[in-house]
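J.: For reference, the structure I am asking about is given below.
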Amino acid sequence: MAVTQYGIGVVWGITVGNLTLTANGVGRITSAALAKDIKNVEHLDPTTGEIIGITVFDPRRKLDLEVYPSASTLAYAKNAANAMPAPGTTVTLTDTTMTSDINSKTYIVESANIKFSNSDKAVISLSLMNSDNIASYAAITA
């Protein structure tokens, strides 16, 4: 007998989200928060002070991730935990569930930290930024 389901479709979580940390270890993405932002300049009427126009520029995406280091062995997982991406480096994410604003985009690491606990797994928190206006990313060295 066929089963009929009723309701609405819901996107539930992240399916296979991984962030490569080392050759043998990954960060399994446990949460991802995406924000889109722009900057703007308001143009005011000089006599009334009312806004008569707005110029928007610098569209960007801000992505906050939490990942836990994982690998096929404990030694590889420890290596992955020690390979937290440094600010200024780039990462590219791939996950079929994530939106086109996340999937296959190159992000710059703005900040990264790792939290260790005696009662839970290690968690790496990353703040990433992407802008469509930037064609390529290269570190400037002194």
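No value in this document is a laboratory result; all are computed from the given coordinates. Quick caveat, the model's predicted, so the values are computed rather than measured. A quick note on method: Cβ atoms are made from the backbone with ideal geometry, for glycine too, and the neighbour counts reach across all protein chains shown.
J.: For segment 18-130, take the alpha-carbon Rg, divide it by the Kirkwood Rh, and send me Rg/Rh.
T.: Working: Rg = 19.0 Å, Rh = 16.0 Å.
Ratio value, two decimals: 1.19.
J.: What full-extension length gain, to one decimal in nm, is calculated for Glu110 and Thr4 as 0.36 nm per residue of separation minus the Cα-Cα distance?
T.: Once the chain is fully extended between Glu110 and Thr4, it gains 33.4 nm.
J.: What distance in nm separates the two pseudo spin-label positions at Lys62 and Asn24, each 7 Å out from Cα along the beta-carbon direction?
T.: 3.8 nm
J.: Determine which residues of segment 47-62 fall in the zone a paramagnetic label at Asn133 would reach in this model, i.e. backbone nitrogen under 14 Å from the point 7 Å along Cα→Cβ.
T.: Inside the label zone: 55-61.
J.: Can you give the net charge of the other residues whose Cβ lies under 11 Å from the Cβ of Leu128, counting K and R as +1 and D and E as -1?
T.: So the environment of Leu128 carries a net charge of +2.
J.: For Thr89 and Glu42, compute 0.36 nm times the residue count separating them, minus their Cα-Cα distance, and round to one decimal in nm.
T.: Gain on stretching Thr89 to Glu42: 13.5 nm.
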